[in-house]
Amino acid sequence: MEVKILQDVLKANDAIARDNEEKFAGEKVFALNMMSSPGSGKTSILETTLEKMGKELRIAVIEGDIATTMDSERLIRFDIPVIQITTESFGNACHLDANMVGKAYAGLPPKPCDLLFVENVGNLVCPAGFKLGTERNVVVLSVTEGEDKPHKYPLIFRTADCVLINKVDLLPHLDFNLERVREALLAINPKLIVISLSAKTGEGFDAWLDWLREGVKNKKARS
Ligand code: MG
Ligand code: ZN
C-alpha cells in the first residue's frame, strides 16, 4: 500500500515537472536544480556566480529552505528576481517538488531571464527523487564533508550532470584527496562534469561559468 502511494506521488510530481519543463523551454530559460547537503556552499556559489556573471546573463533564483528567508536575503543586493520557498508551509518537506517550483516560478518578479537557479533544500537524499522540470542537476560537494559522500549517497550523484567540489581553498588543512574523489564520482557516473572551485576565493570559477554559458547558448539555439 505505501509503495503504491509513493508511486502515485512521484507520478503526479513527474506530470507537473513536465509542465515546468515546457514552460522553461517556451521561455528559453536554462534551469538548474542545485542540490547538496546543508552548509556545502550553494548560496555562496550563487553569490560568487552573480558577482562574476550578473551583468552578462539575466539570472533569477528560486531559493528552497525549510524555514527562514536568510538565503534569499543574501541575494537581494544583486537586484535580480528572487523568490523563497519555505517548505514549512508544505509540511516541512526536506526537498523541493515540481509543484512548489512551478508556483514559485509563477511568483517571480516578471523579468526575462536566461538562467534560473533552483536552490534545493540542503539534503543529499530525497531531493534526488523529485524531478522539478529543470534541465540540469548540479550537486555541490564541499571538501569539508569528507571523501565518503559519493559512496554513501550514490543516487544524487548518479542523477547529477555537474558536480562542484567547493571550498578547495581549505584543502591544505584537510585529508581530502581531490583526485580520488573525482575518480569515485566518475565511477558512479562516467558522464559527470566535475569542477573544483572555491566560492570564497573565486578559484576554479572559469570552468563553471563556461559550463553555464554553454548551457544558456544551447537552450537558446534549441528552443
Ligand atoms: Mg543555501
Ligand atoms: Zn525530502
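The values are calculated or read from the model by the stated rules, or taken from the named source; none is laboratory data. Fair warning: this is a prediction, and the values are worked out from it, not measured in the lab. In this analysis, Cβ positions are derived from the backbone assuming ideal geometry, glycine residues included, and neighbour counts consider all displayed protein chains.
When the residues of the stretch 101-160 are filtered to those that are among the polar types (S, T, N, Q) and out of contact with any Pro (no Cβ under 6 Å at 6 or more places or on another chain), which remaining residue is surrounded by the fewest Cβ atoms within 10 Å (Cβ to Cβ)? Reasoning before the result, please.
Of the stretch 101-160, the ones among the polar types (S, T, N, Q) are 120, 123, 134, 137, 142, 144, 159.
Checking the rest, the ones that are also out of contact with any Pro (no Cβ under 6 Å at 6 or more places or on another chain) come to 123, 134, 137, 142, 144, 159.
Values: ASN123: 20, THR134: 25, ASN137: 23, SER142: 24, THR144: 14, THR159: 16.
Across the stretch 101-160, the extreme among qualifying residues is THR144.
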Exactly one condition in (1) at positive phi; (2) assigned to a strand (DSSP E or B) is false for THR68; which is it? (2)
Cβ-Cβ under 6 Å, sequence separation 6+ or interchain: first residue in the stretch 195-223 and on the phi < 0 side of the Ramachandran plot, partner among the acidic types (Asp, Glu). Which pairs? SER198/ASP169; LYS200/ASP169; THR201/ASP169; VAL216/ASP114
Conditions (1) at pLDDT 95 or above; (2) within 16 Å of ligand 1 (Cβ to nearest atom); (3) more than 24 Å from LEU141 (Cβ to Cβ); (4) not hydrophobic (A, V, I, L, M, F, W, C); number of the one not met by ASP19: (2)
Taking the condition of being surrounded by fewer than 19 Cβ atoms within 10 Å (Cβ to Cβ) and in a helix (DSSP H, G or I), how many residues in the stretch 190-205 meet it? 0
Any idea which of LEU46, LEU75, LEU10 is part of a helix (DSSP H, G or I), touching a residue at least 60 places away in the same chain (Cβ under 8 Å), surrounded by 21 or more Cβ atoms within 10 Å (Cβ to Cβ) and not acidic (Asp, Glu)? LEU46
Where GLY39 falls short, out of the listed (1) under 25 Å from VAL168 (Cα atoms); (2) in contact (Cβ under 8 Å) with a residue 40 or more places away in the chain; (3) surrounded by 19 or more Cβ atoms within 10 Å (Cβ to Cβ); (4) of a type outside the set (D, E, K, R): (3)
Could you check how many residues of the stretch 121-148 are of a type in the set (A, V, I, L, M, F, W, C) and either closer than 21 Å to VAL29 by Cα or away from ligand 2 (no atom under 11 Å from the Cβ) (or both)? 7
Tell me which of these THR68 doesn't satisfy, since it passes every other one: (1) over 18 Å from the mean Cα position of the chain (by Cα); (2) surrounded by 15 or more Cβ atoms within 10 Å (Cβ to Cβ); (3) within 16 Å of ligand 1 (Cβ to nearest atom). (2)
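Residues GLY102, GLY26, GLY54: which one is under 26 Å from ASP206 (Cβ atoms) and out of contact with any strand residue (DSSP E or B) (no Cβ under 9 Å at 6 or more places or on another chain)?
Details: GLY102 fails: under 26 Å from ASP206 (Cβ atoms); GLY26 fails: under 26 Å from ASP206 (Cβ atoms).
On inspection, the qualifying residue turns out to be GLY54.
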Can we say LYS28 is away from ligand 1 (no atom under 16 Å from the Cβ), assigned to a helix (DSSP H, G or I) and among the basic types (Lys, Arg)? no
